[in-house]
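Structure record follows, encoded as structure tokens.
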Amino acid sequence: MFEDISFANSDREAAEDAARELFNHVKDLGVRLDDIDVLDPCDGCRRTGYLVHLGNLSTDEVATLNAALRSRAAGAAGPDHPLR
């Protein structure tokens, strides 16, 4: 019999979960992050943890995302919020 062992990396799994949640939130706003990826930590980089790379977005996708975020922020903002 083989012993059940795991090679899972909980830090990477947490980054993947966060990336998956972000992907779904942004998809709900009308943009698909088709190139989203989780990048491993880099020894020579200033940031030592996992990175979520959003990929490349067209200018139309950025405009759609900006409009959706502006709308949500304005809807959640009080009368003194800078977006009003």
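Read-outs throughout are calculated quantities, based only on the coordinates presented, and are distinct from any laboratory measurement. Just so it is clear, the model here is predicted, and its values are computed rather than measured. In this analysis, Cβ positions are derived from the backbone assuming ideal geometry, glycine residues included, and neighbour counts consider all displayed protein chains.
Figures for the structure shown
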item	result
Cα-projected label distance for ALA18 with SER58, points at 7 Å along beta-carbon direction, nm	3.0
Computed label-point distance, nm, for sites GLU3 and ARG32 using a 7 Å Cα→Cβ extension	4.4
Rounded to 10°, Cα long-axis angle of helix 59-76 versus longest principal axis of the chain	70
0 to 90° range, to nearest 10: angle between helix 10-28 axis and the chain longest Cα axis	30
The chain: calculated mean residue ellipticity at 222 nm from DSSP helix runs of at least 4, using -39500 (n - 2.57)	-15000 deg cm²/dmol
Paramagnetic reach from ALA67 (point 7 Å along Cα→Cβ, amide N under 12 Å) across the range 4-32	30-31
Assigned charges on the beta-carbon of Lys, Arg, Asp, Glu; the chain dipole about Cα centre (debye)	640
Charge context of ILE36, other residues only, Cβ under 12 angstrom, K/R +1, D/E -1	-2
Total formal charge among the other residues, if their Cβ is under 12 angstrom from that of LEU57, Lys/Arg +1 and Asp/Glu -1	-3
Structure-derived Cα extents along the principal axes in Å: which label, when the choices are [x] 49, 28, 17; [y] 64, 31, 25; [z] 33, 26, 22	[y]
Net charge over other residues, Cβ less than 11 angstrom from the Cβ of ARG20 (K, R count +1; D, E count -1)	-3
